[in-house]
Amino acid sequence: MRIEADFECGNAIVEQVSDTEAVINIRPDSNAQYFQWFHFRVTGEAGKLRTFTLANAKVASYPHAWNGYRALASYNGTDWFRVQTCYTEGKLTIRHRATQTSTTYTFFVPYFEAQREQLLDDCAKAGERRLIVNTPNNRPVEMIVFGNPNAKRKAWVIARQHAGEPMAEYCIDGLMRRLADGQDELVKQLFEADIAFFCIPNVNPDGSAFGNLRANAAGIDLNRDWKQGVEPKSVEVGAILRVMEAEGVDFFYDIHGDEASQYVWLVQPHAELIVEDNKPLQEGMETFVRERYAEYGPDPIYDIPANENDPLPKPADTGMAIDYVAWRFKCPSLIVELPFKDTIGADTTIDSLLAAGCEAFGRDSVEMIAEVLLGK
Ligand SMILES: [Zn+2]
């Protein structure tokens with residue numbers, strides 16, 4: 001067989017390969033030590049049982065997250081299915097008998113630059129497309145402004161600060177396409193209430209294209225680069241913050257993926273940063289997701305073992321965007337974490353939060369945001 005990963009969002013270093021067995025290492029992020037994202041294409045005779053061993057899984061960023069995880073595969077890049085995967089003795093082993101000659105294996109359904117371009121192009125018909133900054137590797141970080149750009153209140157939605165979390169981009173894709181729908185009654189109400197939406201589908205396009213898990217090209221974890229009173233180290237966060245300062249922020253929603261949990265969960269800003277008036281609004285968003293989604297689960301932070309490679313910092317100044325925004329703009333601020341693992345939906349749909357499920361979650365998120373901003 002032949003294994004390739006030298007393409008957009010590819011990540012696999014092939015150490016050994018025969019016709020049926022391969023030993024692969026996951027490449028660390030550019031200029032950083034994070035890794036977990038993998039994505040590679042295998043070509044070979046159909047019908048053979050093949051084994052792919054990810055040898056360095058034990059020293060990935062979230063090794064405990066491999067437990068209960070199943071890799072995704074596709075023959076056509078559109079239809080994805082789970083394949084037999086097990087994590088034992090520090091190695092992740094994927095076994096699959098492909099029925100076709102070319103198969104892609106991945107950590108999660110990828111979201112490519114071409115999809116982003118199509119989204120921005122489609123949404124530019126309803127909103128205003130703006131360039132925020134070109135990255136050091138000359139990829140644009142772009143935004144669509146929906147509604148009156150000079151509206152009284154401005155809701156910001158960003159996705160994919162972490163490069164290898166494509167579910168976040170599927171989610172914001174669904175959300176943005178709903179905002180672009182001129183016939184949607186709720187969206188009309190939001191615009192009539194003088195609320196505009198500033199949406200950035202991918203904050204970290206370099207990292208996404210490289211097949212990184214978290215970092216940008218310079219090795220910076222963007223969601224630890226929002227330090228209170230400190231100039232951001234990254235070009236991407238620095239540029240977004242300047243636009244936020246110029247425009248104002250009245251609501252902030254940051255979309256992520258979570259490696260470990262098999263459910264959707266929300267990250268609230270650090271409690272001491274939430275101003276009194278916003279406490280019921282923050283709680284309301286938790287209630288919205290809990291009541292609507294069978295896939296909802298509570299914040300698992302305290303279940304994570306203390307010896308993790310990337311422990312969440314405890315003080316209020318975490319460098320996370322939600323904390324920074326809650327501190328600086330005193331507005332409601334929230335992270336949603338969508339799972340890499342297979343979920344079970346309310347109608348017992350298995351794997352209910354693959355690409356289409358994440359898009360639907362994004363469309364529904366408009367309702368959650370409307371509850372906060374319209375006071376319903
Ligand atoms: Zn993330």
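The values are calculated or read from the model by the stated rules, or taken from the named source; none is laboratory data. This structure is a prediction, so every number in the text was calculated from the model and none was measured. All Cβ positions, even for glycine, are placed from backbone atoms using ideal geometry, and neighbour counts span all protein chains on display. The area values use the complete protein model at the heavy-atom level, side chains included, leaving out ligands, DNA and RNA. Shrake-Rupley method; radii C 1.70, N 1.55, O 1.52, S 1.80 Å.
Things to note:
- Centre separation in Å (Cα based) which lies between segment 145-215 and segment 264-293: 19
- Share of pairwise Cα separations in segment 2-106, more than 25 Å, in percent: 13
- Once divided by 2.2 N^0.38 Å, the Cα radius of gyration of the chain becomes 0.97.
- Built amide H within the under 5 Å cut-off of Ile132, gap 5+: Val141, Glu142, Met143
- About the Cα centre, charge dipole magnitude for the chain (Lys/Arg +1, Asp/Glu -1 at Cβ), debye: 560
- Rolling a 1.4 angstrom probe over the protein heavy atoms with all chains in place gives the chain an accessible area of 40 Å² per residue.
- Each Lys and Arg Cβ is given +1 and each Asp and Glu Cβ -1; about its Cα centre, segment 2-106 then shows a dipole of about 320 debye.
- Hits among lysines - C-alpha to C-alpha of Lys58 under 23 Å, sequence gap 8 or more where chains match: Lys91, Lys341
- Entries in Lys227/Lys330; Lys233/Lys279; Lys279/Lys330 that, when Cα-Cα distance is taken, lie over 19 Å: Lys233/Lys279
- Beta bridges by DSSP in segment 113-374, antiparallel share as percent, to the nearest 5: 40
- Solvent exposure ordering (accessible area, 1.4 Å, most first) of Thr103, Thr78: Thr78, Thr103
- Per-pair calculated FRET efficiency, R0 = 30 Å: Asp342 and Glu283 via Cβ, rounded to 0.05: 0.55
- Lys/Arg +1, Asp/Glu -1 at C-beta; segment 113-374 dipole; positive extreme among His256, Leu179, Ala360: Leu179
- Nearest-0.05 FRET efficiency for Glu291 and Asp6, computed from C-beta distance (R0 41 Å): 0.35
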